[in-house]
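Colleague: Dumping the structure here so I can ask a few things about it.
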Amino acid sequence: MSAKVFNYHNKQYPSLVFGLSKRMENDFITRILLMSFLFLMAVTLILIPGYYFDSRLLNNAPIWAKPIKFSMALAMHFITLAILAQQLERSRRTGVLLTFFVYLAVVSMIFEQGYISIQAARGRHSHFNGDTPFETLMYNFMGIGAVNLILASFALGLLIWKYGNKDRSGLRLGSILGLTIGSVLTLIYGMTMGNSPSHLVGEAVNHSTVPLLGWSREVGDLRIPHFIATHMMQLLPLLGLFLDKLRFSPKIIVSLVTFIFVMMSAIFFDWALVGRSVFPL
Amino acid sequence: MHTVLTPDQLFTWAGQAAFYGWIILIFLPRIKVILIIPKYIIPIAIGLMYGGLMLAHYSSSNGDFASLIGVRTLFDNDYLLLAGWVHYLAFDLFIGAWIAKKSDAIGLSRLIQTPILIATYMFGPVGLFLFLSIRVMFTRTDFTKNKEQTHVSQSV
């Protein structure tokens, strides 16, 4: 019954242009993850004119910078999940466990992206906003949503570890390490940030920031360790895949790079907590 | 027998009709007899209302479509303002129903259809843009090919 409501009979659907989906299976989990990616890319595109038309600032940044950053990061998250989930057998990928976490992640993604965009349009903060009871409640929901997004990648990492094709490929090693360690670290850094009054530690004076990424160059910025931890999920599998292509033994290199990322994020996390900038002026 | 409806009353009716159409699109299963309501019945009904309003009031207004000031003059008349509004309602709903149908055809989850449909309801072209930029990434070639092949093999 539920299968019918969500339109998942075993029907043949059109595939992506230029054979982009040739290496992907056509099951409903791969499909919803790919669709989430395409949806978020479309959202990014529609927000760009807003960025140029709207002259309002929030936290000394253009008001639409945050929704754009989130839609791009979430798009990367979902395409990563879609590609890496191909390492599982179809029955495992469409099993109860991953289906549950993937749906939870998609619902949370729609909620997070929607709320962040609506708050930007209203010129209000989405995170760190306790001005009204409603916004406080929504901020708490956003925390839950963020955990849901991480749960999907963590579950996928564990599933690949336990049920994936047990070869010695760099892709497998990178996927497992990236998804599990990246998720756990993101959760730790994210929750610390969520329980702080702001993503900045210290009093910014001239609001000098790193171009594009918007990190502070004066005071501690908790978003930097979060960024490293989250994007480990893309970088480590990519590194593994790259080493497979070059026919290098991935074991040592992938482990070493994982260690470097973990240490980097931990050190920057420590710096951020004591109010020290990673990119000082 | 001749009663004149106020623009307020017509506004409420049209708004309610469109709202129910969107509820059907977002929540109800995609069965032909149900989908026909938002796709054809409500837009046609609102279309008739629009026609009546425009035929009755357009020529008596000094406004036109040639400039922003002309359009503003047009909308000084409450009946024409209402006509302009129901124009949005009818077209947005029809586009929404088209998006729903085409989304099902490419296998877009109802979960992701929901924000696209809400965007179309609230800010028409934004939702249309979202859907079109997703759909442009899909091809129909292998889908139709398979259909043709089965057809040929059956006839032989």
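The values are calculated or read from the model by the stated rules, or taken from the named source; none is laboratory data. This one's a predicted model, so the numbers in the text were calculated from it and none came from an experiment. Positions of Cβ are generated from backbone atoms using ideal geometry, with glycine treated the same way; all protein chains shown enter the neighbour counts.
Colleague: Test of understanding: among A:Leu222, A:Leu213, which residue is under 17 Å from the mean Cα position of the chain (by Cα) and either surrounded by fewer than 22 Cβ atoms within 10 Å (Cβ to Cβ) or assigned by TED's automatic domain parsing to the domain that holds A:Ile68 (or both)? Lay out the reasoning, then the answer.
Modeller: Working: A:Leu222 fails: either surrounded by fewer than 22 Cβ atoms within 10 Å (Cβ to Cβ) or assigned by TED's automatic domain parsing to the domain that holds A:Ile68 (or both).
Result: A:Leu213 is the single residue among A:Leu222, A:Leu213 that is under 17 Å from the mean Cα position of the chain (by Cα) and either surrounded by fewer than 22 Cβ atoms within 10 Å (Cβ to Cβ) or assigned by TED's automatic domain parsing to the domain that holds A:Ile68 (or both).
Colleague: When you scan the stretch A:120-135, do you find a residue that is buried (at least 21 other Cβ atoms within 10 Å of the Cβ) and in a helix (DSSP H, G or I), even just one? Full working, then the answer.
Modeller: Applying the first criterion (buried (at least 21 other Cβ atoms within 10 Å of the Cβ)) to the stretch A:120-135 yields A:120, A:126.
The next check asks that each one be in a helix (DSSP H, G or I); those that pass are A:120.
Looking for residues that are buried (at least 21 other Cβ atoms within 10 Å of the Cβ) and in a helix (DSSP H, G or I), one finds at least one in the stretch A:120-135, hence yes.
Colleague: What are the residues in the stretch A:20-55 that are out of contact with any helix residue (DSSP H, G or I) (no Cβ under 7 Å at 6 or more places or on another chain), within 9 Å of chain B (Cβ to nearest Cβ) and surrounded by fewer than 17 Cβ atoms within 10 Å (Cβ to Cβ), if any?
Modeller: Hits for the stretch A:20-55 are A:Leu20, A:Asn26.
Colleague: Which residues, taken from the stretch A:73-102, are small (Gly, Ala, Ser), part of a helix (DSSP H, G or I) and closer than 16 Å to A:Ile160 by Cβ?
Modeller: Looking only at the stretch A:73-102, we keep the residues that are small (Gly, Ala, Ser), and these are A:73, A:75, A:82, A:85, A:91, A:95.
Still in the running and part of a helix (DSSP H, G or I): A:73, A:75, A:82, A:85, A:91.
Result: A:Ala82, A:Ala85, A:Ser91.
Colleague: With respect to A:Gln86, determine if the residue is in contact (Cβ under 8 Å) with a residue 12 or more places away in the chain and either within 29 Å of A:Pro197 (Cα to Cα) or within 14 Å of chain B (Cβ to nearest Cβ) (or both).
Modeller: Against the criterion (in contact (Cβ under 8 Å) with a residue 12 or more places away in the chain and either within 29 Å of A:Pro197 (Cα to Cα) or within 14 Å of chain B (Cβ to nearest Cβ) (or both)), A:Gln86 does not qualify.
Colleague: So if I check each of B:Ile99, B:Ile26, B:Ile46, which one is surrounded by 15 or more Cβ atoms within 10 Å (Cβ to Cβ), farther than 30 Å from A:Ser36 by Cα, among the aliphatic types (A, V, I, L, M) and modelled with pLDDT of 90 or more?
Modeller: Numbers: B:Ile99 fails: farther than 30 Å from A:Ser36 by Cα; B:Ile26 fails: farther than 30 Å from A:Ser36 by Cα.
From the options B:Ile99, B:Ile26, B:Ile46, the qualifying one is B:Ile46.
Colleague: Surrounded by 16 or more Cβ atoms within 10 Å (Cβ to Cβ), touching a Gly at 6+ places or on another chain (Cβ under 7 Å), closer than 16 Å to A:Leu200 by Cα and aromatic (Phe, Trp, Tyr), is that true of A:Trp271? Walk me through it before giving the result.
Modeller: On the way: surrounded by 16 or more Cβ atoms within 10 Å (Cβ to Cβ): yes; touching a Gly at 6+ places or on another chain (Cβ under 7 Å): yes; closer than 16 Å to A:Leu200 by Cα: yes; aromatic (Phe, Trp, Tyr): yes.
The answer is yes for A:Trp271.
Colleague: Taking the conditions exactly as written (under 14 Å from B:Ile95 (Cα atoms), without any contact (Cβ under 8 Å) to a residue 24 or more places away in the chain and exposed (fewer than 15 other Cβ atoms within 10 Å of the Cβ)), does B:Ile41 satisfy them or not?
Modeller: Values: under 14 Å from B:Ile95 (Cα atoms): yes; without any contact (Cβ under 8 Å) to a residue 24 or more places away in the chain: yes; exposed (fewer than 15 other Cβ atoms within 10 Å of the Cβ): yes.
In short, yes.
Colleague: Moving on. Quick one: which of A:Leu149, A:Leu159, A:Leu187 is assigned by TED's automatic domain parsing to the domain that holds A:Lys66 and within 12 Å of the chain's Cα centre (by Cα)?
Modeller: Working: A:Leu159 fails: within 12 Å of the chain's Cα centre (by Cα); A:Leu187 fails: assigned by TED's automatic domain parsing to the domain that holds A:Lys66.
Sole residue among the options that is assigned by TED's automatic domain parsing to the domain that holds A:Lys66 and within 12 Å of the chain's Cα centre (by Cα): A:Leu149.
Colleague: If we scan the stretch A:156-163, do we find a residue that is touching a Phe, Trp or Tyr at 6+ places or on another chain (Cβ under 9 Å) and part of a helix (DSSP H, G or I)? Working first, answer last.
Modeller: First pass over the stretch A:156-163, keeping only residues touching a Phe, Trp or Tyr at 6+ places or on another chain (Cβ under 9 Å): A:156.
Of the ones still in play, those that are also part of a helix (DSSP H, G or I) are A:156.
Yes, the stretch A:156-163 contains at least one residue that is touching a Phe, Trp or Tyr at 6+ places or on another chain (Cβ under 9 Å) and part of a helix (DSSP H, G or I).
Colleague: Let me ask something else. Can you give me the number of residues within the stretch B:102-111 that are within 15 Å of A:Ile29 (Cβ to Cβ) and either more than 7 Å from chain A (Cβ to nearest Cβ) or modelled with pLDDT of 95 or more (or both)?
Modeller: Selection size over the stretch B:102-111: 0.
Colleague: Say whether the condition of being assigned to a helix (DSSP H, G or I) and touching a Lys or Arg at 6+ places or on another chain (Cβ under 6 Å) is met by at least one residue in the stretch A:165-175.
Modeller: Of the residues in the stretch A:165-175, the ones assigned to a helix (DSSP H, G or I) are A:170-175.
If we keep only those that are touching a Lys or Arg at 6+ places or on another chain (Cβ under 6 Å) too, we end up with none.
Looking through the stretch A:165-175, none of the residues is assigned to a helix (DSSP H, G or I) and touching a Lys or Arg at 6+ places or on another chain (Cβ under 6 Å).
Colleague: Taking the stretch A:189-203 only, how many residues are surrounded by fewer than 18 Cβ atoms within 10 Å (Cβ to Cβ) and either out of contact with any helix residue (DSSP H, G or I) (no Cβ under 8 Å at 6 or more places or on another chain) or assigned to a loop (DSSP other than H, G, I, E, B) (or both)? Before the answer, list the steps.
Modeller: Going residue by residue through the stretch A:189-203, those that are surrounded by fewer than 18 Cβ atoms within 10 Å (Cβ to Cβ) are A:191-192, A:194-198, A:202-203.
With either out of contact with any helix residue (DSSP H, G or I) (no Cβ under 8 Å at 6 or more places or on another chain) or assigned to a loop (DSSP other than H, G, I, E, B) (or both) added as a condition, the list becomes A:195-198, A:202-203.
Of the residues in the stretch A:189-203, 6 are surrounded by fewer than 18 Cβ atoms within 10 Å (Cβ to Cβ) and either out of contact with any helix residue (DSSP H, G or I) (no Cβ under 8 Å at 6 or more places or on another chain) or assigned to a loop (DSSP other than H, G, I, E, B) (or both).
Colleague: Within 29 Å of A:Asn140 (Cα to Cα) and in contact (Cβ under 8 Å) with a residue 24 or more places away in the chain: does that describe A:Pro237? It would help to see each step written out before you state the result.
Modeller: Details: within 29 Å of A:Asn140 (Cα to Cα): no; in contact (Cβ under 8 Å) with a residue 24 or more places away in the chain: yes.
No; evaluated as a whole, the condition is false for this residue.
Colleague: Among (1) at the interface with another protein chain (Cβ under 7 Å from one of its Cβ atoms); (2) under 22 Å from B:Pro115 (Cα atoms); (3) at pLDDT 75 or above, which single condition is A:Phe6 missing?
Modeller: Just one mismatch for A:Phe6, condition (3).
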